[in-house]
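Nothing in this text is a laboratory measurement; each read-out follows from the coordinates by a stated rule. These figures come from a predicted structure and were not determined experimentally. All Cβ positions, even for glycine, are placed from backbone atoms using ideal geometry, and neighbour counts span all protein chains on display.
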Amino acid sequence: MRVSVIGCGHLGAPHAAAMAELGHEVIGVELDPEKCKALAAGVAPFYEARFGELLAAHTATGRLRFSTSMAEAADFADLHFIAVGTPLRADGRGYDTSQVIGAVEALLPLLPPRPAAIVGKSTVTVGTAARLQQIIDRFASAARVDLVWNPEFLREGHAIEDSLRPDRIVAGLSTPKARAAIEEVYAPILARGDVELIVTDPATAEVLKSAANAFLTTKISFINAMAEVCEITGADVNTVAYGIGIDKRIGHGGMRPGIGYGGGCLPKDVRAFTHRVGELGARDAHGLLTAVEHVNDGRARAAAELVEKANGGPLDGCPISFLGASFKAGTSDVRDSPALRLAERLVERGAAPVIYDPEALDAARAFHPGFSYADTVHDALQAADLVVIGTEWPQFTHDPGLPDEAAALVRRKVLVDVRNAVDAGPWLLAGWEVWQLGRRPQRPPHSAA
């Protein structure tokens, strides 16, 4: 099938690579000339697991190409994915959907007189698909254009895997005949028989996307609220989370306490959804989601307080090895990064963090040029007073050699794991104290503390 992907950022570019991997002929439209040039050369502009590999492979064969020309995409493809950005409005509340509207308005007059489908991937306010349908209906030349809303449910760091092996495919159809386009483009996935195609109307697809993100953030904020309770009572939040997660109605996914959710999707999506349900007059839903945001907003403060406790007092001038800048492992994305929010808090308290991240250093430097950075984990550890793990990269949480390597470089053997991702055992055996949110400090055997 000939497919276009309009908008090649963190959503669109991996989606284009995944569509090529499924066997489709794909053209990506990216209006930034430099970014388009890099993509066309098979060079990934950001890190996302397996993205660079597929990008290089399929641009080399010609199955995947990129252009700045919407007209070229209109002439080439029969199905057009809209994957442009939907940032928050300037007031910080609902979505700015101008890029989505603009992309469709630009595409419609360029479509040749043959059947086509426009498939929305971007996360939008409920009612956006209906507005787009009105725009399509105004174009007589676009009478054979079908609109589908097909929200993404991707985890950053796993975007390729989640595109190729999704847990569900949602198709909000404006007309029954639009189903054929979705079934054709996702045929290689549906043929496996292990993925459900949920066919509904566009409004339901829009709400389903927002509700899924809202429920995930509710679980994250809930377990972080329980971490606060555990800190006060002396209980162990990891055991609490494990015990709760055994209940099949709840599950373990999203139940690891830490410094909260971040990235380019969840904070924005929940903020916009919270605002929208308030506009609709759903008072109880608005109150619940407001509380979810409030808990998340407080996690950087709670983590900074934990670092201060681990230090034994104020952080004035304290040199900290700060491992992690991306909002989570598996991606170079630092948008709304909880790790960098914590680094800001530590600087405000007088600390001197030196930040290292295996994939996100360039992005972090661009977002926060005033911070101190190290190009290697060795340099970040050198002469620090304590170590903070801000992002759960496996290099930090599962490298059996790191506790001993760090012990030879850090002045005090104090580890603060604000992601609750480290197995404390190897660190304790190497003589470290281990501090985690919602848990008692763990100290090495025979410690006098």
Q | Under the Karplus curve 6.51 cos²θ - 1.76 cosθ + 1.60, θ = phi - 60°, whole-Hz ³J(HN,Hα) for segment 178-189, x wherever Gly or Pro sits | A | 5, 4, 4, 5, 5, 5, 6, 5, 9, 3, x, 7
Q. What number comes out for the charge environment of residue 104, summing +1 per Lys or Arg and -1 per Asp or Glu over other residues with Cβ under 14 Å away?
A. 0
Q | Packing rank of 215-228, 191-204, where each peptide gets the mean count of other beta carbons within 10 Å, highest leading | A | 215-228, 191-204
Q | residue 56-residue 161 pseudo-label distance in nm [points 7 Å out on the Cα-to-Cβ vector] | A | 2.0 nm
Q | Burial ordering of 158, 446, fewest other beta-carbon atoms within 10 Å first | A | 446, 158
**Q.** Highest average packing first - 311-320, 329-338, Cβ atoms within 10 Å
**A.** 329-338, 311-320
(Q) Residue by residue through segment 388-398, what is 3J(HN,Hα) from phi via Karplus (6.51 cos²θ - 1.76 cosθ + 1.60, θ = phi - 60°)? Round to whole Hz and write x for glycine and proline. (A) 10, 9, x, 9, 8, 4, x, 4, 9, 9, 10
Q: Would you mind ranking 5, 277 by Cβ crowding within 10 Å, fewest neighbours first?
A: 277, 5
Q: Name the long-range amide H neighbours of residue 420: under 5 Å, sequence gap of 5 or more, or other chain; modelled H, no Pro or chain starts.
A: 437
Q) Angle between the Cα long axis of helix 98-107 and the longest principal axis of the chain, 0 to 90 degrees, nearest 10? A) 30 degrees
Q) Within the set 177/219; 209/309; 209/328; 121/328; 35/177; 177/209, which residue pairs have Cα atoms separated by over 31 Å? A) 177/219; 209/309; 35/177
Q.
As I understand it, the value is the acute angle between the Cα axis of helix 299-311 and the longest principal axis of the Cα atoms of the chain; what does it come to in degrees, rounded to 10?
A. 20 degrees
Q.
Can you compute the helix-only [θ] at 222 nm over the chain? Use -39500 (n - 2.57) per DSSP H run of at least 4 residues, normalise by all residues, nearest 500 deg cm²/dmol.
A. -12500 deg cm²/dmol
(Q) Which of rounded, prolate or oblate describes segment 78-174 when judged by the alpha-carbon gyration tensor and an a/c cut-off of 1.5? (A) oblate
Q.
Please check: in the Gaussian network model of the chain (C-alpha springs, under 10 Å), which one of 134, 395, 382 has the largest mean-square fluctuation.
A. 134
Q: Note the angle between two axes, namely the Cα long axis of helix 266-279 and the longest principal axis of the Cα atoms of the chain, as a number of degrees from 0 to 90, rounded to the nearest 10.
A: 70 degrees
**Q.** Rounded FRET efficiency, nearest 0.05, which uses the C-beta distance separating residue 180 from residue 233 and R0 of 41 Å
**A.** 0.10
Q: Quick one: order 297, 91 by neighbouring beta-carbon count within 10 Å, fewest to most.
A: 91, 297
**Q.** Inter-label distance for residue 63 and residue 366, nm, one decimal - labels placed 7 Å from Cα along Cα-to-Cβ
**A.** 2.9 nm
